[in-house]
Amino acid sequence: MKTAFVFPGQGSQAVGMGKSLAESFAAARAVFAEVDEALGQRLSVLMWEGPEADLTLTENAQPALMAVSMAVIRVLETEHGITVGGAASFVAGHSLGEYSALAAAGTFTLADAARLLKTRGLAMQSATPVGTGAMAALLGLDFATAAQAAAEAAQGEVCQAANDNSDGQVVVSGSKAAVERCAEIAKAKGAKRAVMLPVSAPFHCALMQPAADVMAEALAKVEMKAPVVPVVANVGAAPLSDPAAIRESLVRQVTGTVRWRECMAYMAGHGVSRFYEIGAGKVLTGLSKKNAPEAAAFAVNSAEDIAAAAAQLKG
């Protein structure tokens, strides 16, 4: 029975996340303290007390979500003797979650992952002027039809498929007017709904090229080790273990499509029958039911979840 650990992306954040872990486990407290120190800010206080508007800022949400995921990993290790290398055949993460997956698998140190995500969040936020970009979720269309709608809507502007989350849930990203056109075209092509998303920038499209350039420079300066298990990368939807290839993939990921449906299909097709979502929320657990319906999926973010997961993994 093969297992994969998957790590959530932006949108899973909530005020209070990780607080109960910090109150219960010294290993979790140490993670939050190390992230605070690496960033030179009291991110943990913002995570636990808010305000929500500040936590939702990309520059804060990205390292905060990684910190919660790593707190869960450290508690699994210290309290239950469960390691990523011993328990998982693959790791994967949705967008910023790929950095959490790589930190969990030992490619990045915790401090480097926190600093990289702070840099990534700031760079993505400042890549386009506020209000000029947008994202929309197209519900009820397959990926090919959604991508076609985006191409038709572009009309000389940027509009492209940003997230292929599951069959029937594709997010498009780009210039505001083009994304609004895409929403209407998608409805004409049979989308059940097209929902404009409350995001601060148009992620995972060509408008993010300035942020990709920043990340290429930042990643070049960071030591990277081979992960203890392969990471199934967002842009290739295939496993990577070579640090140079991972570095290149992370740069491409800033402007490229998050191919989550295909990542899940790859892992399920290679024998994974249990997916553990490590960290805040349960978005990926919900998507697992669509992308890998034969597999079991569990969200792991509380002491009770961790104990249950450890019992299953040891079983």
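General observations
- Residue satisfying all of: in segment 158-180; in a helix (DSSP H, G or I) and of a type in the set (G, A, S); most open to solvent (accessible area, probe 1.4 Å) among these: A177
- Scanning segment 89-100 for residues that are under 14 Å from F275 (Cβ atoms) and either of a type in the set (D, E, K, R) or open to solvent by less than 10 Å² (accessible area, probe 1.4 Å) (or both) returns V91, A92, G93, G97.
- Residue within segment 247-255 that is open to solvent by 10 Å² or more (accessible area, probe 1.4 Å), more than 15 Å from the chain's Cα centre (by Cα) and of a type outside the set (K, R) present: yes
- Test: residue in segment 2-18 that is part of a helix (DSSP H, G or I) and either among the charged types (D, E, K, R) or at pLDDT below 95 (or both): no
- Positions within segment 101-157 being under 22 Å from P210 (Cα atoms), out of contact with any strand residue (DSSP E or B) (no Cβ under 9 Å at 6 or more places or on another chain), open to solvent by less than 40 Å² (accessible area, probe 1.4 Å) and of a type in the set (A, V, I, L, M, F, W, C), in sequence order: A113, A114, L116, L117, A123, M124
- Here is the figure for segment 39-70: residues that are open to solvent by less than 20 Å² (accessible area, probe 1.4 Å) and either touching a Pro at 6+ places or on another chain (Cβ under 6 Å) or aliphatic (A, V, I, L, M) (or both) total 10.
- Test result for F25, of a type in the set (F, W, Y), touching a helix residue (DSSP H, G or I) at 6+ places or on another chain (Cβ under 6 Å), closer than 23 Å to M264 by Cβ and modelled with pLDDT of 95 or more: no
- Screening the candidates A194, A183 for the property of being in contact with a strand residue (DSSP E or B) (Cβ under 9 Å, 6 or more places away or on another chain) and not in a strand (DSSP E or B) yields one hit, A183.
- Residues in segment 291-315 that are open to solvent by 40 Å² or more (accessible area, probe 1.4 Å) and either acidic (D, E) or touching a helix residue (DSSP H, G or I) at 6+ places or on another chain (Cβ under 8 Å) (or both): E294, F298, N301, E304, D305, A307, K314.
- Taking residues in segment 29-51 that are over 15 Å from M70 (Cα atoms), and partners anywhere that are small (G, A, S), the pairs with Cβ atoms closer than 7 Å and at least 6 places apart or on different chains are L39/A114; W48/G16.
- Given (1) more than 22 Å from N60 (Cα to Cα); (2) basic (K, R); (3) open to solvent by 50 Å² or more (accessible area, probe 1.4 Å), number of the condition R274 does not satisfy: (3)
- Residue within segment 203-213 that is assigned to a strand (DSSP E or B), modelled with pLDDT of 95 or more and surrounded by 15 or more Cβ atoms within 10 Å (Cβ to Cβ) present: no
- Residue pairs whose Cβ atoms lie under 6 Å apart, sitting 6 or more positions apart in sequence or on different chains, and linking a residue in segment 150-165 that is farther than 16 Å from A194 by Cα to a partner that is assigned to a loop (DSSP other than H, G, I, E, B), are V158/C205.
- Only one of the numbered conditions (1) open to solvent by less than 20 Å² (accessible area, probe 1.4 Å); (2) of a type outside the set (F, W, Y); (3) closer than 22 Å to G86 by Cα is not met by N234, and that is (3).
The values are calculated or read from the model by the stated rules, or taken from the named source; none is laboratory data. Keep in mind the model is a prediction, meaning the values are calculated, not measured. Backbone-built Cβ (ideal geometry, glycine too); neighbour counts: all protein chains shown. Ligands, DNA and RNA are excluded from the accessible area calculation, which covers all protein heavy atoms including side chains. Shrake-Rupley method; radii C 1.70, N 1.55, O 1.52, S 1.80 Å.
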